[in-house]
Structures are given as C-alpha cells and as structure tokens.
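Beneath this line is the structure, given in structure tokens, with notes to follow.
The values are calculated or read from the model by the stated rules, or taken from the named source; none is laboratory data. Worth saying up front: this structure is predicted, and the values here are computed from it rather than measured. As a convention, Cβ positions derive from the backbone with ideal geometry for all residues, glycine included, and neighbour counts pool all protein chains shown. Only protein heavy atoms, including side chains, enter the accessible area calculation; ligands, DNA and RNA are left aside. Shrake-Rupley method; radii C 1.70, N 1.55, O 1.52, S 1.80 Å.
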Amino acid sequence: MNIKSSVVFPACLFGVYVLWITGSAGTFVSNLNEACYRCLCHVSTLCNWTAGCTEGYCGPFHISRIYWVEAGEVVLPNDEPTRPNAWKDCARSFNCSKKIIEGYMEKLGKDCNGDGVTDCFDYLMINENGGFACTTPLQQMWIDRFKQCQL
C-alpha cells in the first residue's frame, strides 16, 4: 500500500460515513440554522404552518414556483417534480419547504447587505426580494417582523 492510497481510502470511507449519517450529500449553508428558519417563517407568514397557496405563493415560507425551480425542484419523499402541484405540496410542508430554502440559498446565497458576513439577515433579503435582487432594501414590515423574531 503506498502513501497515496493510504490517504485516499480513509477519505473515501469518511465521505461514505457522512452520507450514511446525514442521509444527504452533506450540504451545509453557513448560518442557515433552525433559528434562522424560524425567523424566515415568522417574517413570511407569521409562521402559519397551515398556510395554503395564495396568489402563487405557498406554505409557511410563502414559496413561489419560480423559487422552487431555482432551488432544484425539491419534492416530498416518493413524489416526482413533474407531477402537477408537486411544488405546492412540498412548499406547504414545513420540512420540505426548508429543503427548498436550503437549495435556493445554496445556489443564490450571498452577502446582500455588504457587511462582509452571509447570515440570516442576508437570507431574509434573498427570501423576500429574490436571489437576483437581494441588495434591494427590505420593506419595513419585514424588518420589524425579523426583529420580533430575534427577541
């Protein structure tokens, strides 16, 4: 066994272990934690877990179909993205909609307010303004709800 294989094999085993433990590819979006999800939910719908669909936005995070597509078309277990309303069913599920947000932030997350840190306030700006317009100032109502959540 040479040095190269003695390093590569354990690294591969570790990767398999991470996949097995997490049940995913180990996606991690910095500062997108449970407290942040709670605040994003609060800002969007006052965290109404029973929120249906209104004017093209669905669920507790008020997710649109375009947002869902950008996030990678996440669906509930045993569902298909091609099924009509698959996106709505996922967006209305709190846990599935968190995965939509994770996919969206993984793709479009960045420092929107220019403070040098990508944190929950940036994710709020992305969630409310869209990933391509996240530097747009937030409406005061969203800022007020975000501050309420942080208390």
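Against the conditions (1) polar (S, T, N, Q); (2) open to solvent by less than 80 Å² (accessible area, probe 1.4 Å); (3) at pLDDT below 95, where does residue 50 fall short? Just the number, please.
Here residue 50 meets the rest and fails (2).
Give 19, 76 a once-over and let me know the one that is more than 16 Å from residue 127 (Cβ to Cβ), surrounded by 10 or more Cβ atoms within 10 Å (Cβ to Cβ) and at pLDDT below 95.
Working: 76 fails: at pLDDT below 95.
Matching residue, one of 19, 76: 19.
Does residue 124 satisfy being within 13 Å of the chain's Cα centre (by Cα) and either within 22 Å of residue 31 (Cβ to Cβ) or open to solvent by less than 50 Å² (accessible area, probe 1.4 Å) (or both)? Write out each step before concluding.
Numbers: within 13 Å of the chain's Cα centre (by Cα): yes; either within 22 Å of residue 31 (Cβ to Cβ) or open to solvent by less than 50 Å² (accessible area, probe 1.4 Å) (or both): yes.
Spelling it out, residue 124 is indeed within 13 Å of the chain's Cα centre (by Cα) and either within 22 Å of residue 31 (Cβ to Cβ) or open to solvent by less than 50 Å² (accessible area, probe 1.4 Å) (or both).
Would you kindly identify the helices (runs of 4 or more DSSP H) lying entirely within region 79-151 that contain at least 2 residues that are at pLDDT below 95?
Values: elements: 86-92, 94-108, 120-129, 140-150.
Those helices (runs of 4 or more DSSP H) span 94-108, 120-129, 140-150.
Tell me, yes or no, whether region 108-115 has at least one residue that is in contact (Cβ under 8 Å) with a residue 60 or more places away in the chain and closer than 15 Å to residue 37 by Cβ.
yes
Does region 25-71 hold any residues that are assigned to a helix (DSSP H, G or I) and among the acidic types (Asp, Glu), and which are they? Working first, answer last.
Within region 25-71, the first condition is being assigned to a helix (DSSP H, G or I), and the residues that meet it are 34-45, 65-70.
Within region 25-71, 34, 70 qualify.
For region 53-68, how many residues are open to solvent by 60 Å² or more (accessible area, probe 1.4 Å) and not hydroxyl-bearing (Ser, Thr, Tyr)? Before you say what the answer is, go through the steps one by one.
From region 53-68, those open to solvent by 60 Å² or more (accessible area, probe 1.4 Å) are 54-55, 57, 62, 65-66; that's our starting set.
Of the ones still in play, those that are also not hydroxyl-bearing (Ser, Thr, Tyr) are 55, 62, 65-66.
Matching residues across region 53-68 total 4.
One line per residue, one yes/no per condition, for (1) over 25 Å from residue 53 (Cα atoms); (2) surrounded by fewer than 18 Cβ atoms within 10 Å (Cβ to Cβ); (3) out of contact with any helix residue (DSSP H, G or I) (no Cβ under 8 Å at 6 or more places or on another chain); (4) acidic (Asp, Glu):
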| position | (1), (2), (3), (4) |
| --- | --- |
| 92 | no, no, yes, no |
| 95 | no, yes, yes, no |
| 99 | no, no, no, no |
| 107 | no, yes, no, no |
| 117 | yes, yes, yes, no |
| 129 | no, yes, yes, no |
| 139 | no, yes, no, no |
| 144 | no, yes, yes, yes |
